Amino acid sequence: MRWDYLYRYYNRYSNGGFKRMVNEGFSAENTFIPYTPTYTACGHSSIYTGSVPAINGIIGNDWYDPQLKRSVYCAEDTTVKTVGSDTRAGLMSPKIYLPQPLLMSFA
């Protein structure tokens, strides 16, 4: 949703939803983070950190990990299992985005 909709439709919100967020929360209005390319991991990292790939280090959905000596996917996590499936498609989690593993991967 565009940030200006918070104000345009303010009268339509209930007290416990968006209206509460506007009154008690934080709104970064007119924020533009110029990141490219527009891959999922780059975009999410730029939005959540407020920095661009040149600063946060997330340059794509896949990158080469020198410790593993292979390419890794941004949400790859072989320590988890998919519920109800035996495929490799579910071997993913947000674990790599936690500060400690992310910092260790660039050490």
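One table, with the values for the structure above:
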{"read-out": "Sum of side-chain charges, residue 95 neighbourhood, beta-carbon under 13 Å (Lys, Arg +1; Asp, Glu -1)", "value": "-2"}
{"read-out": "Sum of side-chain charges, residue 58 neighbourhood, beta-carbon under 15 Å (Lys, Arg +1; Asp, Glu -1)", "value": "-2"}
{"read-out": "Contour minus Cα-Cα distance for residue 67 and residue 92 (0.36 nm per residue)", "value": "7.1 nm"}
{"read-out": "Cβ-defined net charge surrounding residue 81, 14 Å radius [Lys, Arg +1; Asp, Glu -1]", "value": "-1"}
{"read-out": "Eligible lysines near residue 81 by straight Cα distance, threshold 21 Å, same-chain separation 8 or greater", "value": "95"}
{"read-out": "Theoretical gain in end-to-end length, residue 9 to residue 21 [0.36 nm per residue, Cα-Cα removed]", "value": "3.0 nm"}
{"read-out": "Modelled FRET efficiency - R0 41 Å, residue 31 with residue 83, Cβ distances, 0.05 increments", "value": "0.65"}
{"read-out": "Karplus (6.51, -1.76, 1.60) ³J(HN,Hα), θ = phi - 60°, over segment 38-53, in Hz, Gly and Pro reported as x", "value": "8, 7, 4, 4, 4, x, 4, 5, 5, 5, 6, 9, x, 10, 9, x"}
{"read-out": "Computed accessible area, residue 55, all protein chains, 1.4 angstrom probe, square angstrom", "value": "130"}
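The values are calculated or read from the model by the stated rules, or taken from the named source; none is laboratory data. Model, not experiment: these values are computed from the prediction. We place every Cβ from the backbone using ideal geometry, glycine too, and count neighbours over all the protein chains shown. Surface areas here come from the heavy atoms of the whole protein model, side chains and all, with no ligands, DNA or RNA. Shrake-Rupley method; radii C 1.70, N 1.55, O 1.52, S 1.80 Å.
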